[in-house]
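The next block holds one structure in the form of structure tokens; read it before the comments.
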Amino acid sequence: MAITFYTEDIELPKIDQQKITEWIKTVAQSYGKRTGEISYIFCSDEKIIDVNRQYLKHDYYTDIITFDYTNGSKISGDIFISLDTVKSNSEIFQTSYEQELLRTIIHGILHLCGINDKGPGEREIMEKNEDKALAILNK
């Protein structure tokens, strides 16, 4: 069971992979889940829109796409993160790039844990859970 970090057409962000991996496991455990195979694929806007069009039939840029392969309480998935959009979002939300990247990284895990953000009121629930997870990392 591994959490791996890859890049496609972009440089790997400077993150402490061991610390992030432990954080992800801790967050998953707080939802009664354990981690299986989780792959992060950091990419550009061009790659993420290709993935969005090809697999989801969506024609727009996004910061993250999570493919969920969870089986029971073992979360698994492929998580694509556009570093271009993370950077843009950090400017829009007036937060640091690192903070926005961490929020996006954990956002995918929260999806794998069963938290959604598309329906009425779900975005606020997701944001509260992101904040709770970020507080765990910043302890």
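The values are calculated or read from the model by the stated rules, or taken from the named source; none is laboratory data. Every value quoted in this text rests on a predicted model; they were computed, and no experiment measured them. Reconstructed Cβ throughout: ideal geometry from the backbone, glycine too, with neighbour counts over all protein chains shown.
In region 111-137, the residues that are within 19 Å of S73 (Cβ to Cβ) form Cβ pairs under 6 Å with partners that are among the acidic types (D, E) and surrounded by fewer than 16 Cβ atoms within 10 Å (Cβ to Cβ), at six or more places apart or across chains, as follows: L112/D68; N116/E122.
Against the list (1) more than 18 Å from Y97 (Cβ to Cβ); (2) part of a loop (DSSP other than H, G, I, E, B), the condition I24 fails is (2). Scan region 67-75 and tell me whether some residue there is of a type in the set (K, R), under 15 Å from the mean Cα position of the chain (by Cα) and at pLDDT 95 or above. Among the residues of region 67-75, not one is of a type in the set (K, R), under 15 Å from the mean Cα position of the chain (by Cα) and at pLDDT 95 or above, which makes the answer no.
In the set (1) over 13 Å from I105 (Cβ atoms); (2) at pLDDT 95 or above, the condition left unmet by D9 is number (2). For region 66-84, the criterion of being part of a helix (DSSP H, G or I) and either surrounded by 14 or more Cβ atoms within 10 Å (Cβ to Cβ) or free of Cβ contacts under 8 Å to residues at least 60 places away in the same chain (or both) is met by at least one residue. Applying the set (1) within 21 Å of T4 (Cα to Cα); (2) touching a helix residue (DSSP H, G or I) at 6+ places or on another chain (Cβ under 6 Å) to S90 leaves exactly one unmet item: (1).
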